[in-house]
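What follows is a set of notes on a single structure, which appears directly below.
The values are calculated or read from the model by the stated rules, or taken from the named source; none is laboratory data. Because the structure is a prediction, the values reported are computed rather than measured. A quick note on method: Cβ atoms are made from the backbone with ideal geometry, for glycine too, and the neighbour counts reach across all protein chains shown.
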Amino acid sequence: MLRATLKSLLARKLRLVLSGLAVVLGVMFVSGALVLTDTLNRTFDSIFADAYSATDVSVTAKPKVEVSEFEGEEVAAPLPAATVDKIKDQPGVRSAVGRVDTDGARVIGSDGKVLTSMGPPRLGGNWTGADGVMEMREGRGPESAGEIAMNATTAELSGYRIGDTVPVLTQKPKREFTLVGIWGYTGDRDSIGGTQEVAFTTPVAQELMLGEKDVFTSVTVESADGVSPAELRDSLAPALGADYVVKTGDDLAKESSESIKEGLGFFNQILLGFAGIALFVGIFLILNTFSIVVAQRTRELALLRAIGASRRQVINSVLVEAVVVGLIASILGLAAGIGAGAGLGALFGSMGGGLDLAPVGVPPSAVIASFVVGLVVTVVAAVLPALRASRIAPVAAMQDVATPDRPLTRISVSGGLVTAAGAAALGVGLFADAGDADLWLIFGGVLVTFIGVALLTPLISKPVVSLLGRIFSWSVPGRLGRLNSGRNPRRTAITAAALMVGIALVTGVTVVMDSAKSSLKAEAARILKAQIMISGDQNGPRPPTYDPAVITDTATIPGVRAAAGLYNDLVAVGGEREYVAASEDLATLAQAYGSSAATLRDDQIAVSAPQATESGWQVGTPVTIQTSRGAERTYTVSLIFAENTLPGSIIMPGAAIKDFGITQPVFGFVRLDDGVPVSAVLPQVKALLADSPEVSATDQQTWVDGQAAQFDQIITMIQILLGLAILIAVLGVVNTLALSVLERTRELGLLRAVGLGRAQTMRMVTVEAVVISVFGALLGVAVGAGMGSAVARALENDGISEIVLPWGRMGTYLALAALVGVVAAVAPAIRAARLNILNAIAHD
């Protein structure tokens, strides 16, 4: 029986390729995600090991607000210069050097634009001389207040050379410096991890990066001979006290790497989630393939039963075929995944500012996952066809026609029950409070609903496909194609269901994003009265900022009623991290924003009504807040404002801004007097921002459109990630048609014999493909629109007030589905048209 199965496989190589292709693509996604994550993990291990290789021990002040790498940007607490002298006097210390290293030094390149970063920080610090890792390539270190040095990556990106004047943005307004030195790193590296670095003299670095004199962000300590870094750490920690954090270079490298890996783990889960969707779609393809194969082998399997094969042997025969296909597909998918992981790593490295990637490796998890996933998916998809094959009666060997299609009653009832269960789980996850189980209920509900709809698809396929096919019934090939697409509801349904999943997910996301976008625009038009907005696009860890003097000067422009800047910080409120806002004067901010409020005293805060309800605050409630810098302080709630009438949920007084991590405004609101046109004021505001190239002034509508455009970027990203699932679904259409042509070889020969031409044969196959594809797209659009509307309605309390159905996009999906059908039909149609008529009629 095993030999017969293997010979059957070798005799039908096309079947093997088509059934395994979906598994190859799904396994490629899984293994590629694991290879990429492993490569990036080892890359960051190497980066941080290099960054701290010259550090024996590092001392920092305990941060005021502790933040993980992917929660936000932790602001280093200032460390007094006196601490450096204290450390120098400790036993076991050879030297101690105070360092300033903090994000926020943005070089304005020779083209007048700020050097952007898609991840690595833009560090500003003090020049302490080359060490065991740094090496000066050109010039020297800065010696006077007007000089800077930079690493080779920054010099290359900016286009500056020794002697050039370099504008730099920091916590202070733009200043210009003379470039006197360019450094690199051992191993001929221009940077460590793509980081941009600028070095000032120590007093200038303290002034620009920390806003204080005689303070540092850390102290680098070198141990004396015979004292290990660990021993020095253990002796320094108790001597300095609980307000300081003492770690070895190895400790810092390990902790920094682990923090990055935490974020990469989340990224990996996203990729594996989309891989799961692709594999879920692949199950439909494999199930259909084996169903068709079993139907084609009815007579062969019946003969095996007639000569003594048992039902178990028939089942094992089909499952062995599935295992062989799964093994081969897993091997090919793993190989493709390694290539995909390497390619994605290279893309990640280029986006990260020239990140030097570790050599691509294949972790055991990728190998294990590839074979487990490949085999499990293939075997699971083959179980039902195998059971069906075992039920073939031996007498079928003597019949020319395969066993008739079974009634749809059982599968329809099952589909209704499964759909109801999925909808119930989805409803509980969206509308009830299930705690931590909400997300699992939503994902599980979506998955079960898809399965339920797929089970119901055969029931609705015949009438819907018949209706769609009437569009093409004006010709004989069109009528034949319509009849072919509806002759086997199960096969048509499974093929269409694969396409449905991908399109339903894309449609659902589009409905949610378009609803959010429309709600944002409507809400902005309702509450935002400022006609001019000042802001920038954040393309690095820190938001773009501008000189506070811009607001002061804007307020003096004729026709301006009010102008206010908005400052942000991540603070600790009662031990919980919260984002807060602040303005120089709340009354001016309220007027510019379109509401009214009294000025806050230095010990008062204003909170939104939802924030007050959630926290149990009332007017007069004391609230303890720890900002990124400065001492912890208690404020009194003096105002509870209606939601969205002011920007933010907690607004602090202007006196708190000096203790924020970023002491420059990140937004600006400008409201004009009645009747004053925006065109009369906007150019003047833009001129004031000439020294702040990271930000720009725009009219309200342009700003709102820019904020809403972010939703389109999310949709595009989802479409790209779901592209593989849709590609597998397209392969499913090709697969179904190709195997169907093989199955109907004799029928096609008879049609050709009675006068159907080659072109008509190709049109017939094409109509069949288009009808199946459009049917799947219709299902996807309908299911996606329904699920997207439900999610959008569930998010009503989160700001989505309108439900928008993207009719244009949905129409595009249907049109693309028709095009997919045409493309998918090309190879099968050509094969059908080229059949030799006499051989086809004689085909058994």
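Answer yes or no as to whether R161 is basic (K, R) and assigned to a helix (DSSP H, G or I). Full working, then the answer.
Values: basic (K, R): yes; assigned to a helix (DSSP H, G or I): no.
Answer is no for this residue.
Among the candidates L731, L688, single out the residue that is under 37 Å from the mean Cα position of the chain (by Cα), at pLDDT 85 or above and of a type in the set (A, V, I, L, M, F, W, C). Step through it out loud before you land on a result.
On the way: L731 fails: at pLDDT 85 or above.
When all the criteria are applied, what remains is L688.
Check off (1) in contact with a strand residue (DSSP E or B) (Cβ under 9 Å, 6 or more places away or on another chain); (2) surrounded by 24 or more Cβ atoms within 10 Å (Cβ to Cβ) for K529 and give me the number that stays unchecked.
(2)
Of the conditions (1) among the hydrophobic types (A, V, I, L, M, F, W, C); (2) buried (at least 16 other Cβ atoms within 10 Å of the Cβ); (3) more than 18 Å from I392 (Cα to Cα), L301 satisfies every one except a single condition; which number is it?
Tallying (1) among the hydrophobic types (A, V, I, L, M, F, W, C); (2) buried (at least 16 other Cβ atoms within 10 Å of the Cβ); (3) more than 18 Å from I392 (Cα to Cα), L301 fails exactly one: (3).
In the stretch 721-728, is there at least one residue being farther than 25 Å from A827 by Cα, at pLDDT below 80 and surrounded by fewer than 24 Cβ atoms within 10 Å (Cβ to Cβ)? Can you show your working first?
Of the residues in the stretch 721-728, the ones farther than 25 Å from A827 by Cα are 721.
Okay, now just the ones that are also at pLDDT below 80, so 721.
So of that shortlist, the ones also surrounded by fewer than 24 Cβ atoms within 10 Å (Cβ to Cβ) come out as 721.
So far as the stretch 721-728 goes, yes, one or more of its residues are farther than 25 Å from A827 by Cα, at pLDDT below 80 and surrounded by fewer than 24 Cβ atoms within 10 Å (Cβ to Cβ).
Among the listed residues D85, D111, which satisfies the condition of being exposed (fewer than 15 other Cβ atoms within 10 Å of the Cβ), touching a residue at least 40 places away in the same chain (Cβ under 8 Å) and assigned by TED's automatic domain parsing to the domain that holds V227? Walk me through how you get there before you give the answer.
On the way: D85 fails: touching a residue at least 40 places away in the same chain (Cβ under 8 Å).
Unique residue meeting the criteria: D111.
If you take the residues in the stretch 576-591 that are in contact with a helix residue (DSSP H, G or I) (Cβ under 8 Å, 6 or more places away or on another chain) and either in a loop (DSSP other than H, G, I, E, B) or at pLDDT below 90 (or both), which one is farthest from F660 (Cα to Cα)?
Filtering the stretch 576-591 for residues that are in contact with a helix residue (DSSP H, G or I) (Cβ under 8 Å, 6 or more places away or on another chain) and either in a loop (DSSP other than H, G, I, E, B) or at pLDDT below 90 (or both), the one farthest from F660 (Cα to Cα) comes out as D585.
Quick one: what pairs do we get from the stretch 36-57, first residue in a strand (DSSP E or B), second of a type in the set (K, R) and surrounded by fewer than 23 Cβ atoms within 10 Å (Cβ to Cβ), C-beta under 6 Å, 6+ apart or different chains?
Here the result reads V57/R233, each pair linking the stretch 36-57 to a residue that is of a type in the set (K, R) and surrounded by fewer than 23 Cβ atoms within 10 Å (Cβ to Cβ).
Among the residues of the stretch 757-814, write down those that are among the polar types (S, T, N, Q) and crowded, with 21+ Cβ neighbours inside 10 Å. Give the derivation first.
Quick first cut of the stretch 757-814, residues among the polar types (S, T, N, Q) only: 760-761, 766, 773, 789, 797, 801, 812.
Across the stretch 757-814, the qualifying residues are T761, T766, S773.
M209 passes all but one of (1) in a strand (DSSP E or B); (2) buried (at least 24 other Cβ atoms within 10 Å of the Cβ); (3) not charged (D, E, K, R); which number fails?
Of everything listed in (1) in a strand (DSSP E or B); (2) buried (at least 24 other Cβ atoms within 10 Å of the Cβ); (3) not charged (D, E, K, R), M209 misses just condition (1).
Which of (1) within 22 Å of the chain's Cα centre (by Cα); (2) of a type outside the set (D, E); (3) within 13 Å of G20 (Cβ to Cβ) does G343 not meet, given it meets every other one?
Here G343 clears every test but (3).
Answer with yes or no whether I534 is assigned to a strand (DSSP E or B) and either surrounded by fewer than 16 Cβ atoms within 10 Å (Cβ to Cβ) or of a type in the set (V, I, T) (or both).
Working: assigned to a strand (DSSP E or B): yes; either surrounded by fewer than 16 Cβ atoms within 10 Å (Cβ to Cβ) or of a type in the set (V, I, T) (or both): yes.
Here the answer is yes, as I534 does meet what is asked.
If you take the residues of the stretch 403-446 that are at pLDDT below 65 and in a loop (DSSP other than H, G, I, E, B), which of them is nearest to V509 (Cα to Cα)?
So, considering only residues that are at pLDDT below 65 and in a loop (DSSP other than H, G, I, E, B), the one nearest to V509 (Cα to Cα) is A434.
Scan the stretch 91-109 for residues that are touching a Ser or Thr at 6+ places or on another chain (Cβ under 7 Å) and closer than 16 Å to L123 by Cβ and jot them down.
Listed by number, the residues that qualify are R99, V100, D101, T102, G104, A105, V107.
Do we find that L639 is closer than 15 Å to V580 by Cβ and not assigned by TED's automatic domain parsing to the domain that holds V67 in this structure? Show your work before the answer.
On the way: closer than 15 Å to V580 by Cβ: yes; not assigned by TED's automatic domain parsing to the domain that holds V67: yes.
Criteria met by L639.
Hey, could you check the stretch 638-659 for residues that are over 18 Å from G575 (Cβ atoms) and of a type in the set (V, I, T) and say which is surrounded by the most Cβ atoms within 10 Å (Cβ to Cβ)?
The extreme case among them is I651.
With in contact with a helix residue (DSSP H, G or I) (Cβ under 8 Å, 6 or more places away or on another chain) and among the acidic types (D, E) as the only criterion, which of E207, E231, E212, E222 stands out? Full working, then the answer.
Details: E207 fails: in contact with a helix residue (DSSP H, G or I) (Cβ under 8 Å, 6 or more places away or on another chain); E231 fails: in contact with a helix residue (DSSP H, G or I) (Cβ under 8 Å, 6 or more places away or on another chain); E222 fails: in contact with a helix residue (DSSP H, G or I) (Cβ under 8 Å, 6 or more places away or on another chain).
Only one candidate qualifies: E212.
Looking for something buried (at least 17 other Cβ atoms within 10 Å of the Cβ) and in a helix (DSSP H, G or I) - is there at least one such residue anywhere in the stretch 592-606?
Within the stretch 592-606, one or more residues are buried (at least 17 other Cβ atoms within 10 Å of the Cβ) and in a helix (DSSP H, G or I).
Would you mind finding the one in D225, D243, D190 that is at negative phi, surrounded by 14 or more Cβ atoms within 10 Å (Cβ to Cβ) and acidic (D, E)? Break it down stepwise before answering.
On the way: D225 fails: surrounded by 14 or more Cβ atoms within 10 Å (Cβ to Cβ); D243 fails: surrounded by 14 or more Cβ atoms within 10 Å (Cβ to Cβ).
Going through D225, D243, D190 in turn, the sole match is D190.
Please list, ordered by residue number, the strands (runs of 3 or more DSSP E) wholly in the stretch 90-151 having 1 or more residues that are at pLDDT below 90 and closer than 19 Å to G661 by Cα. Step through it out loud before you land on a result.
Details: elements: 93-99, 101-103, 122-126, 134-139, 147-151.
Answer list for the stretch 90-151: 101-103, 122-126.
Taking the condition of being within 15 Å of D547 (Cβ to Cβ) and buried (at least 16 other Cβ atoms within 10 Å of the Cβ), how many residues in the stretch 671-692 meet it? Let's see the steps before the verdict.
Here is the first cut: in the stretch 671-692, the residues within 15 Å of D547 (Cβ to Cβ) are 685-692.
Add one more test, that the residue is buried (at least 16 other Cβ atoms within 10 Å of the Cβ), and what stays is 685, 688-689, 692.
Looking only at that region, the number is 4.
Is there a residue in the stretch 253-274 that is farther than 30 Å from S31 by Cα, surrounded by fewer than 18 Cβ atoms within 10 Å (Cβ to Cβ) and not small (G, A, S)?
Taking the stretch 253-274 as the starting set, the residues that turn out to be farther than 30 Å from S31 by Cα are none.
No, there is no match, as no residue in the stretch 253-274 is farther than 30 Å from S31 by Cα, surrounded by fewer than 18 Cβ atoms within 10 Å (Cβ to Cβ) and not small (G, A, S).
If you go through the stretch 192-210 one residue at a time, how many are at pLDDT below 85 and within 23 Å of R161 (Cβ to Cβ)?
Of the residues in the stretch 192-210, the ones at pLDDT below 85 are 192-194.
Adding the requirement that they be within 23 Å of R161 (Cβ to Cβ) leaves 192, 194.
Residues that pass the stated criteria total 2.
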